[in-house]
Amino acid sequence: MGAALAALSFFCVAAVSTLGKTAGEFTSTAVVVLFQNLICLVFVIPLAIRVGWTSLRTEKIGLHILRAASGTACWYALFFAIKMMPLTNAILLTFSAPLWMPVIAWVAFRQKSSAATWIGAAMGFVGIVLVLGPQHNNFNVGALLALAGALLLAIALMSVRWLGATEPMPRILFYYFLLSTAMAMPIAALDWQPFEARAWIYLLGIGFAQLLSQVFIVRAYRYASSVKLGPLVYTVIVFTALIDWAVWDRTPTLFVILGMTLVIGGGLVAIRGKTKAPLTAIES
(Lines give C-alpha, C1' and ligand atoms only; values in the text may rest on other atoms or scores of the structure.)
Protein backbone atom coordinates (compact mmCIF):
# COMPACT_ATOMS: atom_id res chain seq x y z
CA MET A 1 0.00 0.00 0.00
CA GLY A 2 2.76 2.44 0.92
CA ALA A 3 4.66 1.87 -2.32
CA ALA A 4 1.51 2.31 -4.41
CA LEU A 5 0.64 5.57 -2.67
CA ALA A 6 4.20 6.86 -3.09
CA ALA A 7 4.11 5.99 -6.79
CA LEU A 8 0.83 7.92 -7.12
CA SER A 9 2.43 10.87 -5.36
CA PHE A 10 5.33 10.96 -7.79
CA PHE A 11 2.99 10.53 -10.75
CA CYS A 12 1.24 13.69 -9.53
CA VAL A 13 4.61 15.45 -9.40
CA ALA A 14 5.15 14.47 -13.04
CA ALA A 15 1.67 15.81 -13.79
CA VAL A 16 2.53 19.13 -12.09
CA SER A 17 5.56 19.48 -14.36
CA THR A 18 3.56 18.60 -17.46
CA LEU A 19 0.75 21.02 -16.63
CA GLY A 20 3.33 23.67 -15.73
CA LYS A 21 4.95 23.33 -19.16
CA THR A 22 1.57 23.82 -20.83
CA ALA A 23 0.46 26.65 -18.52
CA GLY A 24 3.74 28.42 -19.26
CA GLU A 25 2.49 29.00 -22.79
CA PHE A 26 -0.35 31.18 -21.44
CA THR A 27 1.06 32.94 -18.39
CA SER A 28 4.25 33.64 -16.47
CA THR A 29 6.22 31.18 -14.35
CA ALA A 30 5.54 33.33 -11.28
CA VAL A 31 1.78 32.91 -11.71
CA VAL A 32 2.18 29.13 -12.17
CA VAL A 33 4.20 28.83 -8.94
CA LEU A 34 1.67 31.00 -7.08
CA PHE A 35 -1.31 28.83 -7.99
CA GLN A 36 0.67 25.67 -7.32
CA ASN A 37 0.97 26.70 -3.67
CA LEU A 38 -2.11 28.88 -3.15
CA ILE A 39 -4.61 26.12 -3.97
CA CYS A 40 -2.84 23.77 -1.56
CA LEU A 41 -2.86 26.44 1.15
CA VAL A 42 -6.63 26.90 0.74
CA PHE A 43 -7.12 23.22 1.54
CA VAL A 44 -4.53 23.05 4.32
CA ILE A 45 -5.89 26.00 6.33
CA PRO A 46 -9.20 24.25 7.30
CA LEU A 47 -7.15 21.25 8.46
CA ALA A 48 -5.01 23.55 10.59
CA ILE A 49 -8.13 25.14 12.10
CA ARG A 50 -9.58 21.73 12.90
CA VAL A 51 -6.50 20.47 14.74
CA GLY A 52 -6.08 23.82 16.49
CA TRP A 53 -3.77 26.75 15.93
CA THR A 54 -1.72 25.81 19.00
CA SER A 55 -0.52 22.72 17.14
CA LEU A 56 1.18 25.02 14.63
CA ARG A 57 3.51 26.59 17.17
CA THR A 58 7.08 25.89 16.18
CA GLU A 59 10.59 26.62 17.33
CA LYS A 60 11.97 25.70 13.90
CA ILE A 61 10.72 28.65 11.86
CA GLY A 62 14.18 29.14 10.35
CA LEU A 63 14.15 25.61 8.94
CA HIS A 64 10.60 26.09 7.66
CA ILE A 65 11.73 29.24 5.83
CA LEU A 66 14.74 27.38 4.39
CA ARG A 67 12.55 24.54 3.18
CA ALA A 68 9.98 26.90 1.62
CA ALA A 69 12.61 29.12 -0.01
CA SER A 70 14.60 26.23 -1.49
CA GLY A 71 11.49 24.33 -2.57
CA THR A 72 9.89 27.37 -4.20
CA ALA A 73 13.12 28.35 -5.94
CA CYS A 74 13.46 24.77 -7.20
CA TRP A 75 10.04 24.93 -8.88
CA TYR A 76 10.91 28.31 -10.41
CA ALA A 77 14.10 26.84 -11.85
CA LEU A 78 12.30 23.75 -13.16
CA PHE A 79 9.42 25.66 -14.78
CA PHE A 80 11.89 27.98 -16.51
CA ALA A 81 14.02 25.00 -17.58
CA ILE A 82 11.15 23.10 -19.22
CA LYS A 83 10.54 26.08 -21.47
CA MET A 84 14.06 25.72 -22.86
CA MET A 85 14.62 21.96 -23.07
CA PRO A 86 12.71 18.65 -23.32
CA LEU A 87 10.56 17.94 -20.28
CA THR A 88 12.17 14.54 -19.62
CA ASN A 89 15.69 16.01 -19.63
CA ALA A 90 14.72 18.81 -17.25
CA ILE A 91 13.03 16.42 -14.80
CA LEU A 92 15.92 13.96 -14.98
CA LEU A 93 18.45 16.66 -14.14
CA THR A 94 16.31 18.22 -11.38
CA PHE A 95 15.46 14.91 -9.72
CA SER A 96 19.09 13.97 -9.57
CA ALA A 97 18.84 15.88 -6.28
CA PRO A 98 19.45 12.84 -4.01
CA LEU A 99 22.85 12.44 -5.68
CA TRP A 100 23.83 15.93 -4.55
CA MET A 101 22.78 15.42 -0.93
CA PRO A 102 25.99 13.66 0.23
CA VAL A 103 28.05 16.33 -1.55
CA ILE A 104 26.15 19.13 0.24
CA ALA A 105 26.40 17.26 3.56
CA TRP A 106 30.16 16.91 3.15
CA VAL A 107 30.79 20.49 2.00
CA ALA A 108 28.52 22.13 4.59
CA PHE A 109 28.97 19.84 7.59
CA ARG A 110 31.93 17.57 6.70
CA GLN A 111 29.49 14.69 7.15
CA LYS A 112 30.96 11.43 5.90
CA SER A 113 28.99 9.04 3.68
CA SER A 114 29.49 5.36 2.92
CA ALA A 115 31.50 4.14 -0.07
CA ALA A 116 28.29 2.88 -1.70
CA THR A 117 26.82 6.37 -1.49
CA TRP A 118 29.79 7.91 -3.31
CA ILE A 119 29.87 5.13 -5.91
CA GLY A 120 26.16 5.66 -6.58
CA ALA A 121 26.65 9.43 -6.79
CA ALA A 122 29.52 8.97 -9.26
CA MET A 123 27.35 6.74 -11.46
CA GLY A 124 24.59 9.32 -11.37
CA PHE A 125 26.92 12.18 -12.28
CA VAL A 126 28.12 10.23 -15.34
CA GLY A 127 24.45 9.87 -16.28
CA ILE A 128 23.97 13.63 -15.90
CA VAL A 129 26.87 14.26 -18.30
CA LEU A 130 25.25 11.95 -20.86
CA VAL A 131 21.91 13.77 -20.54
CA LEU A 132 23.62 17.13 -20.96
CA GLY A 133 25.08 15.74 -24.18
CA PRO A 134 28.18 17.91 -24.46
CA GLN A 135 29.10 15.95 -27.60
CA HIS A 136 26.08 17.54 -29.28
CA ASN A 137 26.36 20.95 -27.62
CA ASN A 138 23.03 20.39 -25.83
CA PHE A 139 24.10 22.28 -22.73
CA ASN A 140 22.15 25.53 -22.47
CA VAL A 141 20.65 27.88 -19.90
CA GLY A 142 17.78 25.44 -19.38
CA ALA A 143 20.19 22.69 -18.35
CA LEU A 144 21.93 25.08 -15.97
CA LEU A 145 18.58 25.99 -14.40
CA ALA A 146 17.62 22.32 -14.05
CA LEU A 147 20.93 21.59 -12.29
CA ALA A 148 20.35 24.59 -10.02
CA GLY A 149 16.92 23.12 -9.31
CA ALA A 150 18.58 19.84 -8.32
CA LEU A 151 20.79 21.58 -5.76
CA LEU A 152 17.81 23.53 -4.39
CA LEU A 153 15.70 20.36 -4.22
CA ALA A 154 18.51 18.60 -2.35
CA ILE A 155 18.50 21.40 0.24
CA ALA A 156 14.70 21.17 0.49
CA LEU A 157 14.86 17.39 1.01
CA MET A 158 17.49 17.76 3.70
CA SER A 159 15.37 20.44 5.37
CA VAL A 160 12.40 18.05 5.45
CA ARG A 161 14.63 15.44 7.03
CA TRP A 162 15.70 17.86 9.79
CA LEU A 163 12.15 19.09 10.33
CA GLY A 164 10.77 15.56 10.39
CA ALA A 165 12.83 14.80 13.48
CA THR A 166 10.64 17.05 15.65
CA GLU A 167 7.80 18.50 13.55
CA PRO A 168 4.59 16.64 12.60
CA MET A 169 3.85 16.43 8.88
CA PRO A 170 0.69 18.65 8.97
CA ARG A 171 2.74 21.46 10.49
CA ILE A 172 5.48 21.02 7.86
CA LEU A 173 2.92 21.19 5.04
CA PHE A 174 1.13 24.20 6.53
CA TYR A 175 4.28 26.30 6.82
CA TYR A 176 5.54 25.18 3.43
CA PHE A 177 2.42 26.26 1.55
CA LEU A 178 1.93 29.39 3.65
CA LEU A 179 5.50 30.62 3.21
CA SER A 180 5.75 29.52 -0.43
CA THR A 181 2.53 31.36 -1.27
CA ALA A 182 3.79 34.47 0.52
CA MET A 183 7.07 34.29 -1.40
CA ALA A 184 5.40 33.77 -4.78
CA MET A 185 2.64 36.37 -4.43
CA PRO A 186 4.68 39.60 -4.83
CA ILE A 187 6.53 38.26 -7.87
CA ALA A 188 3.29 37.04 -9.46
CA ALA A 189 1.64 40.42 -8.80
CA LEU A 190 4.48 42.25 -10.56
CA ASP A 191 4.46 39.79 -13.46
CA TRP A 192 0.67 39.45 -13.76
CA GLN A 193 -0.81 39.77 -17.24
CA PRO A 194 -4.25 38.85 -18.62
CA PHE A 195 -4.37 35.31 -19.99
CA GLU A 196 -6.82 33.09 -21.83
CA ALA A 197 -9.67 31.49 -19.91
CA ARG A 198 -8.44 27.97 -20.63
CA ALA A 199 -5.24 28.75 -18.72
CA TRP A 200 -7.31 28.48 -15.54
CA ILE A 201 -7.81 24.79 -16.27
CA TYR A 202 -4.07 24.20 -16.22
CA LEU A 203 -3.47 26.42 -13.19
CA LEU A 204 -6.16 24.67 -11.17
CA GLY A 205 -4.85 21.32 -12.36
CA ILE A 206 -1.36 22.21 -11.15
CA GLY A 207 -2.66 23.14 -7.71
CA PHE A 208 -4.76 20.00 -7.29
CA ALA A 209 -1.99 17.73 -8.62
CA GLN A 210 0.43 19.28 -6.13
CA LEU A 211 -2.09 18.82 -3.32
CA LEU A 212 -2.68 15.17 -4.24
CA SER A 213 1.06 14.52 -4.39
CA GLN A 214 1.37 15.71 -0.79
CA VAL A 215 -1.68 13.78 0.41
CA PHE A 216 -0.45 10.55 -1.17
CA ILE A 217 3.10 10.84 0.16
CA VAL A 218 1.93 11.64 3.70
CA ARG A 219 -0.37 8.60 3.67
CA ALA A 220 2.38 6.47 2.13
CA TYR A 221 4.66 7.12 5.10
CA ARG A 222 1.98 5.67 7.36
CA TYR A 223 2.53 2.27 5.74
CA ALA A 224 6.25 2.19 4.95
CA SER A 225 9.52 3.74 6.03
CA SER A 226 11.44 6.41 4.14
CA VAL A 227 14.17 3.84 3.34
CA LYS A 228 11.66 1.67 1.46
CA LEU A 229 9.88 4.57 -0.24
CA GLY A 230 12.91 6.74 -1.01
CA PRO A 231 13.94 4.93 -4.22
CA LEU A 232 10.46 5.51 -5.66
CA VAL A 233 11.31 9.19 -6.11
CA TYR A 234 12.91 8.12 -9.40
CA THR A 235 9.54 7.01 -10.76
CA VAL A 236 9.00 10.74 -11.44
CA ILE A 237 11.57 10.43 -14.23
CA VAL A 238 9.89 7.36 -15.74
CA PHE A 239 6.39 8.88 -15.52
CA THR A 240 7.61 12.10 -17.10
CA ALA A 241 9.32 10.27 -19.98
CA LEU A 242 6.07 8.40 -20.70
CA ILE A 243 4.03 11.62 -20.57
CA ASP A 244 6.57 13.42 -22.76
CA TRP A 245 6.31 10.61 -25.32
CA ALA A 246 2.50 10.41 -25.18
CA VAL A 247 1.73 14.15 -25.24
CA TRP A 248 4.57 15.64 -27.30
CA ASP A 249 5.66 12.50 -29.19
CA ARG A 250 9.20 13.07 -27.96
CA THR A 251 11.13 9.82 -27.66
CA PRO A 252 14.21 10.01 -25.41
CA THR A 253 17.52 9.75 -27.25
CA LEU A 254 19.92 6.90 -26.59
CA PHE A 255 22.13 9.19 -24.49
CA VAL A 256 19.12 10.28 -22.40
CA ILE A 257 18.08 6.65 -21.86
CA LEU A 258 21.62 5.71 -20.82
CA GLY A 259 21.80 8.77 -18.59
CA MET A 260 18.41 7.93 -17.08
CA THR A 261 19.61 4.40 -16.32
CA LEU A 262 22.78 5.66 -14.64
CA VAL A 263 21.02 8.39 -12.63
CA ILE A 264 18.33 6.00 -11.38
CA GLY A 265 20.79 3.14 -10.81
CA GLY A 266 23.28 5.41 -9.08
CA GLY A 267 20.53 6.86 -6.92
CA LEU A 268 19.41 3.39 -5.84
CA VAL A 269 22.99 2.41 -4.98
CA ALA A 270 23.46 5.63 -3.01
CA ILE A 271 20.19 5.21 -1.12
CA ARG A 272 21.07 1.59 -0.33
CA GLY A 273 24.34 2.81 1.11
CA LYS A 274 22.47 5.22 3.36
CA THR A 275 20.44 2.46 5.02
CA LYS A 276 23.43 1.82 7.28
CA ALA A 277 23.36 5.47 8.35
CA PRO A 278 20.57 7.51 9.93
CA LEU A 279 17.39 7.33 7.87
CA THR A 280 16.89 9.99 5.27
CA ALA A 281 13.38 11.06 4.31
CA ILE A 282 13.02 11.67 0.61
CA GLU A 283 9.90 13.68 0.20
CA SER A 284 8.72 16.32 -2.32
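The values are calculated or read from the model by the stated rules, or taken from the named source; none is laboratory data. As the structure is a computational prediction, the values presented were derived from the model and not from experiment. Cβ sites come from the backbone with ideal geometry, for glycine too, and all protein chains shown count toward neighbours. Ligands, DNA and RNA are stripped out before the accessible areas are found, and what is left, the full protein with its side chains, is counted by its heavy atoms. Shrake-Rupley method; radii C 1.70, N 1.55, O 1.52, S 1.80 Å.
Derived scalar couplings between HN and Hα for region 95-104 equal 8, 7, 3, x, 5, 7, 4, x, 5, 5 Hz in order, rounded to whole Hz, by the Karplus curve 6.51 cos²θ - 1.76 cosθ + 1.60 (θ = phi - 60°), x for Gly and Pro. Remark: region 46-61, residue by residue, has Karplus-estimated 3J(HN,Hα) of x, 5, 5, 5, 5, 7, x, 5, 5, 6, 8, 5, 9, 9, 10, 4 Hz, where x stands for each Gly or Pro and the curve is 6.51 cos²θ - 1.76 cosθ + 1.60 at θ = phi - 60°. Put simply, when 1-9, 50-58 are sorted by average Cβ atoms within 10 angstrom per residue, most first, you get 1-9, 50-58.
A simple spin-label model places pseudo-atoms 7 Å from Cα toward Cβ; at Trp192 and Asn140 they are separated by 3.2 nm.
If you take every residue apart from Glu167 with its C-beta less than 12 Å away from the C-beta of Glu167, what net charge results, scoring Lys and Arg +1 and Asp and Glu -1?
Numbers: positive: Arg57, Lys60, Arg67, Arg161, Arg171; negative: Glu59.
Result for the neighbourhood of Glu167: +4.
Accessible area ranking (1.4 Å probe, heavy atoms, ligands and nucleic acids excluded), largest first, for Glu196, Glu25, Glu59: Glu59, Glu25, Glu196.
The solvent-accessible area of Met158, taken with every protein chain present and a 1.4 Å probe, is close to 20 Å².
Quick one: grab the alpha carbon gyration tensor of region 1-135, order the square roots of its eigenvalues as a ≥ b ≥ c, and give me rounded if a/c is under 1.5, else prolate or oblate depending on whether a/b is larger than b/c.
Oblate.
Rg over Rh for region 86-179 works out to 1.04, both radii taken from alpha-carbon positions and Rh defined as the Kirkwood radius. Taking every protein chain into account, the 1.4 Å probe leaves Lys83 with about 100 Å² of accessible area, to the nearest ten. Its alpha carbons give region 175-217 an Rg and a Dmax of 12.5, 35 Å.
Solvent-accessible area per residue in the chain equals 46 Å², computed with a 1.4 angstrom probe and all protein chains kept. By the compact-protein rule of thumb, 2.2 N^0.38 Å, the alpha-carbon radius of gyration of the chain corresponds to a ratio of 0.96. Note: relative contact order over region 43-202, using C-alpha pairs below 8 Å and six or more positions apart, is 40 percent.
Using only side-chain charges placed at the Cβ, +1 for Lys and Arg and -1 for Asp and Glu, the dipole size of region 17-107 relative to its Cα centre rounds to 160 debye.
3J(HN,Hα) along region 79-92: 5, 5, 5, 6, 7, 10, 8, x, 4, 4, 4, 5, 5, 4 Hz, from the Karplus curve 6.51 cos²θ - 1.76 cosθ + 1.60 with θ = phi - 60°, whole Hz, x for Gly and Pro. For region 68-224, what does the alpha-carbon gyration tensor say about shape, rounded, prolate or oblate, given a ≥ b ≥ c as the root eigenvalues, a/c under 1.5 as rounded, and a/b over b/c as prolate? Since a/c reaches 1.5 but b/c is at least a/b, the shape of region 68-224 is classed as oblate.
Roughly speaking, to the nearest percent, how much of region 22-72's 1.4 Å accessible area is carbon and sulfur?
Values: 1560 of 2370 Å².
Carbon-and-sulfur percentage of accessible area, whole number: 66.
One quarter of the surface of the convex hull around the alpha-carbon atoms of region 151-227 equals 6.7 nm², the direction-averaged projected area.
Taking every lysine pair in the chain that is 8 or more places apart or spans two chains, those with Cα atoms closer than 28 Å amount to 10. Placing +1 on the Cβ of every Lys and Arg and -1 on the Cβ of every Asp and Glu, with no other charges, gives the chain a dipole of roughly 900 debye about its Cα centre. Think of the chain as a dipole: +1 on every Lys or Arg Cβ, -1 on every Asp or Glu Cβ, centred on the Cα centre; then among Val256, Asn89, Ala68, Ala68 lies furthest on the positive end.
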